[in-house]
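Working notes, beginning with the structure itself.
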Amino acid sequence: MNNNMKLDTSADAEPGAASPDPEPEAEAEAEGAESDTSEARAKAARAQQSLKEREREVQKALATSLRDRDKEREYHKRDEAVQHFNALLADLVRNPELSWREAKKQLKKDHRYSLAELLSKDDKERLFTTHTHALGNKRRDKFRALLTELNVAPTASWRETRALLKHEPRAQAYPDPDKMEREFRDYQRDRQTAAKTALRQLLLETRGITHKTLRAVQAAGGAGAAHNLLKHDARYI
């Protein structure tokens, strides 16, 4: 009976049926694992590249910061050298007529000259020129203030003014008479130009003076009427 059952079971089985093949599944799993490994390696490579780029950025920023710090330190050192040299000029150079060649000999004898070693020759000469120009402007302003104090008229000649200045100690700042005369003539020219400008403005503002005023002045042979209208204004000289 058992034999019959075995025969029946065999008879029920489909002809040509085969058991499942495990190889395709294994290959798929292997391919999946390999794909995961490649993706992981690519991800790690990207992370490594990103890290390297970040390191380069940090190094670049650090280098820039160090350069800026060095520049700032160099700027402060140079600024100190300029201050030392200007102080030296203020103490030793008081004549605006002094040449750079003459001044340099005096400056080098002072121990403070070495404090300006960061400055080039051109830098020192440029600072010297600026200093002497400032001295010249200061002397000119004092001379003009003196002329104003002495009530020198805008139409005064140099000969008249020189007589006033002959015994004036403050006029001795100009060792060169020709230089002082040039300054005087510049002063007079500036005053006359300013006076003419002020007079034109005064004429424009004075309502009593019209186009008829000129004919009246010409007919009368004088400017008496216009003078009476203008004489009380400080701009009328």
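The values are calculated or read from the model by the stated rules, or taken from the named source; none is laboratory data. Just so it is clear, the structure is predicted and the values come from calculations on it, not from any experiment. Positions of Cβ are backbone-derived with ideal geometry, glycine not excepted, and every protein chain shown enters the neighbour counts.
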- Message: When you check A61 against the structure, is it touching a residue at least 12 places away in the same chain (Cβ under 8 Å) and assigned to a helix (DSSP H, G or I), yes or no?
- Response: no
- Log entry, pairs with first residue in region 132-150 being closer than 12 Å to E97 by Cα, second being part of a helix (DSSP H, G or I), beta carbons closer than 8 Å, six or more apart or on different chains, reads R139/A173
- Query: of a type outside the set (A, V, I, L, M, F, W, C), out of contact with any strand residue (DSSP E or B) (no Cβ under 8 Å at 6 or more places or on another chain) and touching a residue at least 60 places away in the same chain (Cβ under 8 Å), is that true of D176?
  - Reply: yes
- Query: For R56, are the conditions met, namely being more than 30 Å from A171 (Cα to Cα) and either free of Cβ contacts under 8 Å to residues at least 60 places away in the same chain or in contact with a His (Cβ under 9 Å, 6 or more places away or on another chain) (or both)?
  - Reply: yes
- Task: Of the numbered conditions (1) under 29 Å from the mean Cα position of the chain (by Cα); (2) at pLDDT 85 or above, S65 fails exactly one; give the number of that condition.
- Result: (2)
